Every structure is written in structure tokens, then in C-alpha cells.
Amino acid sequence: MRTDPTTGPALEIEHLRKTFGALRATDDVSLTIERGELHAVIGPNGAGKSTLITQICGELRPDSGHIRLDGVDVTRVPAFGRARLGLGRSFQITQLCGDFTVLENVLLSLEAKGGGSFDVFRDPRRNRAHRDVAMHWLDTVGLADFADRQASALSHGERRQLEIAVALARDPRVLLLDEPMAGMGAEESGKLARLLAGLKGRYSILLVEHDMDAVFALADRISVLVYGRVVFTGTAAEVRENPEVKAAYLGDWEC
Amino acid sequence: MTDARRPILFTLGVFAVLALLPAVFALTGWTSGMGLATRIVIYAIAVVALDLIIGYGAMVSFGHAMFFGVGGYVVAIVAHHTGLGELPFGGTNAAFIVWPLAILACAALGLVVGWLALKTTGVQFIMITLAFAQMVFFLLISVQVYGGDDGMMIDRRNTLPFVDIGRPLIFYYLCLLLLAVWLGFCRMFVNSRFGLVLQALRQSERRAVNLGIAPLSFRLATFVTSAMGTGLAGVLWANYARFVSPDMAAWTKSGEFMAMVVLGGLGTLTGPIVGAAAFVGLEELLSMWTEHWMIVMGPLLVIVALFRRRGLVGSLLGGDRAH
Ligand SMILES: Nc1ncnc2c1ncn2[C@@H]1O[C@H](COP(=O)(O)OP(=O)(O)OP(=O)(O)O)[C@@H](O)[C@H]1O
Ligand SMILES: [Mg+2]
């Protein structure tokens with residue numbers, strides 16, 4: 001989708017550190033997401049995956065290190081600024097506007113892209129162009145029929161799909177997905193995996209996910225995070241074969 | 001899905017009733033009815049403004065009476081100095097000058113209070129708005145030039161071209177017209193592009209920020225807008241009663257406003273109008289019977305809060321949207 005002339009990685013993370021008291025939640029993490037790459041981050045519970053994402057999106061300030069978006073250092077840019085620069089995300093625990101309809105949630109995403117408007121006269125629901133974009137993405141994630149339903153009335157899986165539509169509608173430069181398949185049934189997560197496969201190459205995606213089948217099928221590269229450290233980065237095949245990773249993490253999976 | 005036209009029809013019904021009230025009073029010969037109706041409409045303007053920030057912005061202001069008070073006092077103070085001939089160009093009694101001035105004063109105060117209060121949320125927000133209201137209250141009490149404790153009388157109402165708002169009937173319809181315009185504006189406000197962001201901030205600030213929203217400016221603009229609406233109500237009150245006193249800015253008045261909003265239905269805009277009518281009407285009724293009318297009103301509010309959580313008419317107005 002993006003026809004961006006800039007070359008180089010879409011997202012660079014350099015020597016990021018964050019401690020909570022004695023706990024090293026992020027311990028010298030460096031990783032890059034190349035343009036169009038789907039980079040998965042896996043790791044056991046409490047490894048620091050969500051903490052990494054909150055630092056990338058700017059909700060949490062790292063103790064040290066740098067984050068570059070399209071080559072621009074955004075380490076000191078607040079979360080809303082990074083979102084305007086083109087960072088999109090989904091939340092591990094869905095964050096939606098429950099009183100809004102499904103469509104309004106996506107329209108909000110489009111309105112907020114430029115920081116929101118002080119226009120108190122026009123109704124955003126009547127914006128044809130935005131509606132079309134929103135409906136396109138609702139259709140893509142399979143929620144087109146629910147456009148006028150109140151978001152709080154959606155099932156768990158549908159909420160996750162809506163999160164994806166909200167993140168995608170604004171055509172993000174980098175997409176951060178925190179366990180988008182968590183709590184989904186097999187059928188729903190299969191559908192979402194196919195959707196993500198369809199996005200591959202067009203978006204730069206950081207995917208945190210516990211569903212190993214999906215990760216191995218989708219990811220161009222995988223980074224393994226254990227106790228806040230990246231212990232290995234490589235392709236799916238390399239990760240499967242790496243003895244260190246097996247010992248540290250994959251032991252309980254029969255791959 | 002509920003019928004989207006129901007809130008509109010209900011609102012039209014409310015205005016039809018309010019518009020017909022003077023005729024009813026004329027037919028029944030109930031002379032004090034006009035005053036009661038006027039008070040209801042003026043309070044309604046204030047509580048619609050309050051609902052804007054509480055119901056749609058999740059900013060619980062417990063000091064909104066300060067804007068009511070300041071709006072009223074600007075009218076009284078200008079009238080006072082005009083009467084003494086102390087103002088340049090002989091002062092003025094023209095509503096077109098005095099009223100915008102009063103509303104601007106409220107906007108300025110709202111900007112300062114809102115900016116400071118919005119550095120916090122929740123209980124601290126409530127405390128800061130209350131603290132500022134108390135400051136305004138004690139300031140009004142202590143300034144002897146402007147009557148101190150006793151308040152100030154106003155010799156006559158402000159003047160408008162073509163109409164004589166000194167006549168109760170005309171003044172009532174002017175208030176009702178202003179309520180309609182204000183309600184229409186607020187309805188447009190919450191449904192606008194701005195309103196979408198504002199309401200998103202109420203539901204999930206985290207989501208909104210991660211989509212690119214800087215919360216402060218949206219909340220502050222809403223707070224100031226609400227302060228101006230409440231200021232307008234204060235202006236009308238001063239003109240109605242031809243009297244202002246520090247009680248207009250007392251915390252009990254803020255509490256009454258809040259009770260009216262909750263009574264009618266938070267986050268519905270029209271609901272609080274019904275809340276104001278119910279509250280003022282009941283107060284009138286009960287105080288004929290006992291001066292301790294709050295003994296009855298209190299439990300009544302509790303019952304509504306417990307058993308009609310969306311207020312008296314909230315479920316009629318809000319469709320199936322939960323607040
Ligand atoms: N704000 C915080 N204050 C203190 N400790 C925190 C905070 N946020 C996270 N932690 C701790 O940091 C560690 C990493 O948490 P994080 O949520 O990033 O893990 P995760 O890899 O996302 O786990 P999961 O797979 O369960 O989602 C955990 O031990 C957690 O308890
Ligand atoms: Mg997590």
C-alpha cells in the first residue's frame with residue numbers, strides 16, 4: 001500500500017532498557033522491522049513483550065535506548081505524536097469505545113489520524129470518504145454486517161477483529177499487534193491468520209503472539225524474548241532448530 | 001436498535017409543554033407559575049451545560065455554580081457602575097454588550113480553572129473545581145462594594161431592541177428560545193467530529209491517545225464551552241430575579257445542578273431539562289409544605305439513583321447506549 005521513497009527499516013529499536021524496581025522488563029533489546037516485514041516476537045508469559053510494545057508506542061518511557069520510526073528518532077515523542085506519525089497498534093486487552101457502534105470506532109481512527117478536529121458543525125458519520133474506507137476494512141476483517149452494532153455487544157473474537165480494523169483503516173507505517181489471536185476460537189484465529197497473510201509485504205508488522213502455528217506460518221523473522229532479553233532472532237526454520245531457544249523457551253512445544 | 005427519532009420527538013414534546021405553560025397558568029390563574037417556569041428554563045440551560053462535560057466528557061465538575069455566579073455578578077456589577085455613572089461612555093444596559101461580556105468572563109475563568117483541574121482526573125478533578133468555586137464564593141462574600149453577604153439588587157433588566165424583556169411573558173419566551181438554541185448547539189457539538197473525539201476520550205482515553213489524540217485541548221475546549229453556557233444561565237438569572245447573591249456560586253448550588261443532571265439522565269442533554277423541571281417543581285411543592293424540603297427530596301434522589309440508574313427519562317433518550 002505504501003509507496004514510500006525512504007529506504008531503510010520501518011522501525012528500529014536500539015539498546016532499549018526498562019526496569020521496574022529490580023525487574024528488568026526490557027533488557028538491552030535491539031531489533032528492526034524491515035519495510036514490509038512481518039517480525040514476530042515470541043516469549044513466555046511475563047517476558048516483557050507487552051512492555052516492549054508500550055515503549056514503542058510511547059505510553060511508557062524507556063530508561064535508555066532509542067526508537068526510530070522511518071529513520072526518525074521518536075524516543076521523546078509522546079504516544080499521540082507517534083500515532084500521528086503512522087504507528088498503529090492493537091491491544092492485548094482490547095481497548096474499544098464500547099458505546100460507539102462498530103463503524104464509529106473505525107471512523108474515530110480515521111478522524112484521530114491527524115490529531116482530531118475542532119470542527120463542531122459536521123457529523124463525521126456523514127463523511128462519505130471515511131465511511132467507504134471504514135466499511136472496506138470492516139468487510140476485510142469480516143465485520144461489515146455488524147457496522148451499526150454497539151461495540152460493547154460484540155463477542156470477544158469480534159472485538160479483536162475490530163481492533164485490527166481500527167488499526168488498519170489509517171494505513172499505518174508500522175503496525176504493532178499484541179496477541180491479536182488470544183482467546184479466539186480455532187476458526188476465528190484461522191481467519192485472522194489468513195487476513196494477516198494477505199497483509200504481508202504491504203505493511204511492516206510487529207506481531208506478538210502465543211499461537212506458534214500462526215507465528216511460524218506468518219513471520220519473516222522471529223525474535224525470542226526471555227526475561228526481557230532477545231535471546232535469538234532468525235527465520236522460522238532457524239528458530240526451530242536453535243538449541244538455545246529450544247532449551248530456553250520452546251521446550252514445552254513439540255515443534 | 002431503538003428508533004432514532006424517539007429522542008427528537010421526546011425533546012420536541014418537552015419544548016411543546018414548556019411553550020404551552022404560560023397559557024396553562026393564564027387559564028388556571030396560577031400567578032406564581034410564570035416565575036417557576038422561568039426558573040426551570042434558566043436552570044435547564046445550566047444543567048445542559050453541565051451534562052456536556054459530565055455526561056459526554058466524563059469531567060465531573062463540582063464547582064459549576066461559580067460560572068452561574070460570575071455570569072450573574074457581571075450583569076449586576078455593570079448595572080451598578082452604570083447606575084452610578086462611573087463607566088466610560090455612560091456605561092450600558094444593553095444586553096448585546098453586557099451578556100457577551102459576562103459570558104466571556106466565564107470563558108476566561110473556565111479556561112484557568114479547566115486548565116488547572118485537567119491536570120488531574122477523578123476525585124482530584126472534583127476537588128479542584130470545588131476549591132475554585134469556593135474561592136469565587138468567598139470572594140463574592142468579602143467584596144463589600146458589591147454587597148458582600150447580602151448580594152446586590154439590580155434596578156431593571158437589561159434591554160434588547162424591539163422587545164421588552166421587562167415583561168415576564170416575553171422574558172420567559174426569550175429564555176426558552178435561548179434554551180432551544182443552546183440545546184441544539186450542544187446536540188450538534190456532541191455529534192460532531194469534535195464530539196466523536198470527546199466521547200472517545202470518555203470511553204477509552206488509552207485508545208484515543210494511541211490513535212493520535214492529545215486529550216487536554218479537547219477536554220479544555222469542552223469545559224470552557226460548558227462554562228459559557230452556565231454563565232448564560234447566570235446572566236438570565238440575574239435578569240430574572242433582578243438580584244444576585246453569593247449563594248449563586250455556593251457549592252450547594254453546584255450540588256443542585258448535579259442532582260438535576262443525574263435526576264433527568266446523564267449524557268442525554270434533554271434528560272437534564274426534565275431533571276431541572278422535576279427538581280424545581282418538587283422544591284416548590286415541598287416547600288409549601290415544609291421548609292425542610294430536602295428531607296423529602298434527598299431520599300427521592302436516592303431512589304432515582306438506585307432504581308433508575310439512567311435517570312427519569314434517560315432510557316427513553318439514550319437508545320441502548322449504556323453510560
Ligand atoms: N507498570 C509495571 N510496573 C511493574 N511491573 C510491571 C509493569 N508492567 C509490567 N510489569 C512486569 O514486567 C514483566 C513483563 O510484563 P509484560 O506484560 O510485558 O509481559 P508479556 O511478555 O507481555 O506477558 P504476557 O505473555 O503474559 O502478555 C512482568 O513481570 C510484569 O509483571
Ligand atoms: Mg503481554
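The values are calculated or read from the model by the stated rules, or taken from the named source; none is laboratory data. Here the structure is a predicted model, which means the values were calculated and not measured. When we count neighbours, we look across all protein chains shown, and the Cβ atoms used for this are built from the backbone with ideal geometry, even at glycine.
I'd like the full set of residues that are within 16 Å of A:Glu12 (Cβ to Cβ) and either near ligand 1 (Cβ under 8 Å from one of its atoms) or not assigned by TED's automatic domain parsing to the domain that holds A:Pro180 (or both), limited to region A:37-52. Once the filter is applied, which keeps residues that are within 16 Å of A:Glu12 (Cβ to Cβ) and either near ligand 1 (Cβ under 8 Å from one of its atoms) or not assigned by TED's automatic domain parsing to the domain that holds A:Pro180 (or both), region A:37-52 yields only A:Leu52. Picking from residues in region B:157-205 that are over 27 Å from A:Arg126 (Cα atoms) and in contact with a Pro (Cβ under 7 Å, 6 or more places away or on another chain), the one that is farthest from the other protein chains (Cβ to nearest Cβ) is B:Leu169.
List, please: which pairs have Cβ atoms under 8 Å, are six or more places apart or on different chains, and start with a residue in region A:28-54 that is within 14 Å of chain B (Cβ to nearest Cβ) and end with one that is in a strand (DSSP E or B) and within 10 Å of ligand 2 (Cβ to nearest atom)? Filtered contacts from region A:28-54: A:Ser50/A:Asp178; A:Ser50/A:Val208; A:Ile53/A:Asp178; A:Ile53/A:Val208. Contact map, region B:289-305: first residue closer than 14 Å to B:Gly275 by Cα, second residue surrounded by 10 or more Cβ atoms within 10 Å (Cβ to Cβ) and β-branched (Val, Ile, Thr), Cβ cut-off under 7 Å, separation 6 or more or different chains; pairs are B:Ala305/B:Val262. Could you check, for region B:239-257, whether at least one of its residues is surrounded by 24 or more Cβ atoms within 10 Å (Cβ to Cβ), closer than 25 Å to B:Arg156 by Cα and in contact with a strand residue (DSSP E or B) (Cβ under 9 Å, 6 or more places away or on another chain)? Yes, some residue in region B:239-257 is surrounded by 24 or more Cβ atoms within 10 Å (Cβ to Cβ), closer than 25 Å to B:Arg156 by Cα and in contact with a strand residue (DSSP E or B) (Cβ under 9 Å, 6 or more places away or on another chain). The number of residues in region B:206-246 being out of contact with any Gly (no Cβ under 6 Å at 6 or more places or on another chain), more than 29 Å from B:Arg39 (Cα to Cα) and within 9 Å of chain A (Cβ to nearest Cβ) comes to 10. Given the condition surrounded by fewer than 19 Cβ atoms within 10 Å (Cβ to Cβ), part of a helix (DSSP H, G or I) and not β-branched (Val, Ile, Thr), answer yes or no: does some residue in region B:63-86 qualify? Within region B:63-86, one or more residues are surrounded by fewer than 19 Cβ atoms within 10 Å (Cβ to Cβ), part of a helix (DSSP H, G or I) and not β-branched (Val, Ile, Thr). Could you tell me whether any residue of region A:75-85 is facing another protein chain (nearest Cβ under 10 Å), away from ligand 1 (no atom under 16 Å from the Cβ), more than 27 Å from A:Ala214 (Cβ to Cβ) and outside any helix (DSSP H, G or I)? Yes, region A:75-85 contains at least one residue that is facing another protein chain (nearest Cβ under 10 Å), away from ligand 1 (no atom under 16 Å from the Cβ), more than 27 Å from A:Ala214 (Cβ to Cβ) and outside any helix (DSSP H, G or I).
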